[in-house]
Ligand SMILES: [Zn+2]
C-alpha cells in the first residue's frame, strides 16, 4: 500500500478517498508519524498519482504540469508523424491539437488552473511553430495571428470559471459543495485566503461579470459559459491588436494582418509553399530589416544591398521595388501591384485567396528568401 504524506501545521488527519487508496495528512511538522492500515505499515512517498494528477508532498503542482506536458509531447509526436504520412492540412493539424493535445495539457485544470501556466503555453506555441516550420523566436502575436488561435491559458480560465458555475448549482450535500462553501466562508472572513476563490473573483471582475460572484448564483449555465468564452476572446483579441500595433517587429506585418483569424493560404497552398509564404510574412527570414536587428543597426540604416535605391530592405521593398528581382517580379506579381505600390496594395496581395496567384506569390517569396539567406 502506497500513500502520500502532506506535511502542514496543526494536528493529524486521515482521509479515505477511495477504498483502495488512502491519503494521509500529517499536519504536525515536528512529529514523524508512522501510519498503519490493516496492520500493514504504509510507505511514505514524495508524490502520488491520483486520478491522473501527480500530487506532491509539498502541495506544489509544477511536477504535475511537467508530467502532463510530457504526456502531451508523446501525443504531439504521434500527431506530427500521422499528419506527415496523411498529408493533413494545417487546419486539420490544429483541430487534432485542440482535440488530442489540449485536453491532455488541461486535464484537471479546473482545480489547478490558478497556477502559472507558462510551461503549458510554451509547449503549445512550440507545437504551432513546429507545424508552421517557424523559428522559436517568432513573435507569439504572429503565430496567434496566422493561425487565428487563442492561448491555452484562456481555455484553462474558461474551464475553471465554468466549473465554478457548475459547483454553485451542485446539491448542497455533495462534498465538493460543502468544501467550497467552507473555503468561501473562511476566505470572506479573512481567516484563510484561497487562491482558487481569489482567481475566480478576479477573473469575473476583469470580464465585467462581478455580479455572478457577488450573488453566488448562475441560473443559466449555457449562457454563462458562452458569456465567459466571448468576453475572454474579446479581451485577448484587443490585447493581440495592441501587440501587433505596438511591436517594432510588426511594422510591415500590421500592414496586411488586421483581423485575428486563420489565414486561408495555409490550407490553399501546398505545404512547402504555405510554409515559405508563412516564413516571409512572419519575419522568419534574413532580410536586412531582420538581420540588422541582431547587429543593433538602426532600422533606417538596414538598407538593401542588392540594388542602388538605398531603400530599407524590408518585405515591401523586395516584393514591389527592388531592381534585383525585377525579372522574377514581372513573372510572379501582376503589374497593378508594383506599379505605384502602396500599403493598400500590399494588404490586397497578401490577403489574396486565389490559388494560382498565391502559388506565384509564394514562389516569388521563395526566390527572395533564397537570395537573402
Ligand atoms: Zn533593393
Exercise. Scan the stretch 227-237 and give yes if some residue there is closer than 17 Å to residue 156 by Cα and more than 20 Å from the chain's Cα centre (by Cα), otherwise no.
Key: yes
Exercise. Would you please name the residue that is surrounded by the fewest Cβ atoms within 10 Å (Cβ to Cβ), looking only at residues in the stretch 267-300 that are within 16 Å of the ligand (Cβ to nearest atom) and assigned to a loop (DSSP other than H, G, I, E, B)?
Key: 286
Practice problem: Please find, among 153, 99, the residue that is under 12 Å from the mean Cα position of the chain (by Cα) and part of a helix (DSSP H, G or I). | Solution: 153
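So that you can scan it fast, the table gives a plain yes or no per residue for (1) modelled with pLDDT of 95 or more; (2) surrounded by fewer than 17 Cβ atoms within 10 Å (Cβ to Cβ); (3) touching a strand residue (DSSP E or B) at 6+ places or on another chain (Cβ under 7 Å); (4) more than 24 Å from residue 274 (Cβ to Cβ):
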{"residue": "335", "(1), (2), (3), (4)": "no, yes, no, yes"}
{"residue": "340", "(1), (2), (3), (4)": "no, yes, no, yes"}
{"residue": "345", "(1), (2), (3), (4)": "yes, no, no, no"}
{"residue": "349", "(1), (2), (3), (4)": "yes, no, no, no"}
{"residue": "353", "(1), (2), (3), (4)": "no, yes, no, no"}
{"residue": "358", "(1), (2), (3), (4)": "yes, no, no, no"}
{"residue": "361", "(1), (2), (3), (4)": "yes, no, no, no"}
{"residue": "365", "(1), (2), (3), (4)": "yes, no, no, no"}
{"residue": "371", "(1), (2), (3), (4)": "no, yes, no, no"}
Quiz prompt | Count of the stretch 322-350 residues which are within 12 Å of the ligand (Cβ to nearest atom) and outside any helix (DSSP H, G or I) | solution = 1
Quiz item: Which residues, taken from the stretch 301-321, are in contact (Cβ under 8 Å) with a residue 24 or more places away in the chain, in a loop (DSSP other than H, G, I, E, B), under 25 Å from residue 348 (Cα atoms) and near the ligand (Cβ under 9 Å from one of its atoms)?
Solution: 313
Exercise. Quick one: which helices (runs of 4 or more DSSP H) lie wholly within the stretch 194-266 and hold at least 1 residues that are over 16 Å from residue 146 (Cα atoms) and in contact with a helix residue (DSSP H, G or I) (Cβ under 6 Å, 6 or more places away or on another chain)?
Key: 195-206, 210-215, 221-246
Self-check item: Number of the exception - residue 158 against (1) within 30 Å of residue 254 (Cα to Cα); (2) touching a helix residue (DSSP H, G or I) at 6+ places or on another chain (Cβ under 9 Å); (3) part of a loop (DSSP other than H, G, I, E, B)
Solution: (3)
Self-check item: Among residues of the stretch 354-373, those that are closer than 19 Å to residue 134 by Cα and not in a helix (DSSP H, G or I), counted
Solution: 2
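The values are calculated or read from the model by the stated rules, or taken from the named source; none is laboratory data. Remember, it's a predicted structure, so these values are computed and weren't measured experimentally. Backbone-built Cβ (ideal geometry, glycine too); neighbour counts: all protein chains shown.
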